[in-house]
Amino acid sequence: MRKSKFSKSDKLEALAKWDAGAKIDDLCREYQISTATLYNWKKEKASEEDDALRELKQLKQENARLKKMYANLSMDHEILQEGYEMLKQWPAPDARPK
């Protein structure tokens, strides 16, 4: 596959100018590209943003799952700690004086 002579920043710069209101024909002339190329760049940018949003959603779900797991483990630890404190109050059956 042939490498593009435009960097990602060049592509984003052209798309930013387009979003700012520059005419497509002027942009194509300035960058010496076809209108189809400009539309392809816009489509690539949109798919990258979709991928980023999808990944962010997955990370949020994973974060929520881990927070829930931590809360459950924290409660379990607290319950076990309270039980251990109760056990320390009573002497063991074999430790009674004879």
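Only one residue in TYR70, TYR84 is at pLDDT 90 or above, more than 30 Å from TRP18 (Cα to Cα), surrounded by fewer than 10 Cβ atoms within 10 Å (Cβ to Cβ) and not charged (D, E, K, R), so which one is that?
That would be TYR84, the only listed residue that is at pLDDT 90 or above, more than 30 Å from TRP18 (Cα to Cα), surrounded by fewer than 10 Cβ atoms within 10 Å (Cβ to Cβ) and not charged (D, E, K, R).
Cβ-Cβ under 9 Å, sequence separation 6+ or interchain: first residue in segment 23-40 and closer than 15 Å to LYS5 by Cα, partner hydroxyl-bearing (Ser, Thr, Tyr) and part of a loop (DSSP other than H, G, I, E, B). Which pairs?
That search, which allows pairs on different chains as well, returns CYS28/SER34.
Could you tell me how many of the residues in segment 31-55 are surrounded by fewer than 13 Cβ atoms within 10 Å (Cβ to Cβ) and of a type outside the set (Val, Ile, Thr)?
Here the count works out to 15.
When the residues of segment 13-29 are narrowed to those that are surrounded by fewer than 13 Cβ atoms within 10 Å (Cβ to Cβ) and not acidic (Asp, Glu), which ends up farthest from the chain's Cα centre (by Cα)?
Among them, the one singled out is ARG29.
The values are calculated or read from the model by the stated rules, or taken from the named source; none is laboratory data. Remember, it's a predicted structure, so these values are computed and weren't measured experimentally. Cβ sites come from the backbone with ideal geometry, for glycine too, and all protein chains shown count toward neighbours.
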